[in-house]
1. Taking ILE118, is it surrounded by fewer than 17 Cβ atoms within 10 Å (Cβ to Cβ) and closer than 17 Å to LEU69 by Cα?
2. Please enumerate the residues belonging to segment 27-62 that are in a helix (DSSP H, G or I), modelled with pLDDT under 95 and surrounded by fewer than 17 Cβ atoms within 10 Å (Cβ to Cβ).
3. (1) at pLDDT below 95; (2) assigned to a helix (DSSP H, G or I); (3) surrounded by 15 or more Cβ atoms within 10 Å (Cβ to Cβ): which one isn't true of ILE24, the others all being true?
4. Are any residues in segment 58-73 among the aliphatic types (A, V, I, L, M) and in contact with a Phe, Trp or Tyr (Cβ under 9 Å, 6 or more places away or on another chain), and if so, which ones?
5. Is it true that GLU86 is part of a helix (DSSP H, G or I), closer than 15 Å to PHE38 by Cα, of a type in the set (D, E, K, R) and within 16 Å of the chain's Cα centre (by Cα)?
6. Report yes if some residue within segment 114-128 is under 22 Å from VAL35 (Cβ atoms), part of a helix (DSSP H, G or I) and touching a residue at least 60 places away in the same chain (Cβ under 8 Å); otherwise report no.
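The values are calculated or read from the model by the stated rules, or taken from the named source; none is laboratory data. Only a predicted model underlies this, so the values are computations on that prediction, with no experimental measurement involved. Here Cβ is always computed from backbone atoms with ideal geometry, including for glycine, and neighbour counts include all displayed protein chains.
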Amino acid sequence: MNTTNDPPVRDWNIEGHFELGDSISVVAEPDGKMVSGFKDLWVWKQGMVLTNKVYALTRKFPKDEMYGLTSQLRRASVSVPSNVAEGWARNRTGFFQIGLTYARGSVAEIETQLLIAIDQQYITTQESQPIIDLLNGLSSALLNFITKLDAKKR
């Protein structure tokens with residue numbers, strides 16, 4: 001099933017051969033569009049969409065959760081695009097992979113926290129579904145990106 005939240009098929013292209021310490025000089029999206037910074041990356045853009053959706057959803061959480069689940073969900077969502085950006089800015093393939101890996105971990109954390117919010121009846125499954133769909137697409141895209149970077153190192 002292909003939804004609008006599914007990531008485009010990605011075959012990440014990093015020109016040249018990069019060892020773990022080498023700098024990232026050129027990255028291209030699969031469609032050939034050159035990426036000049038982290039803000040051009042699909043995974044960063046979708047991370048920003050995710051953050052906005054999480055903030056909107058958590059506004060309806062009980063006030064006594066402000067320093068609990070609300071804060072956890074918001075911080076985890078901010079972590080997704082932030083780790084993509086930080087990994088990119090370190091300008092080393094290995095560090096970029098670590099940033100992408102941390103972002104993917106935050107995606108799993110958000111899904112877990114949404115399931116807790118459903119169990120606590122702060123939200124319904126239907127309310128969380130658009131975010132869950134986005135998380136699934138992001139997780140897949142991040143894993144693919146990490147795998148492609150790893151293959152380029154060999």
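1. yes
2. Within segment 27-62, LYS39, ASP40, LYS45 meet the criteria.
3. ILE24 satisfies every listed condition except (2).
4. If the condition is that a residue be among the aliphatic types (A, V, I, L, M) and in contact with a Phe, Trp or Tyr (Cβ under 9 Å, 6 or more places away or on another chain), then LEU69, LEU73 are the ones that fit.
5. Yes.
6. Taking every residue of segment 114-128 in turn, none turns out to be under 22 Å from VAL35 (Cβ atoms), part of a helix (DSSP H, G or I) and touching a residue at least 60 places away in the same chain (Cβ under 8 Å).
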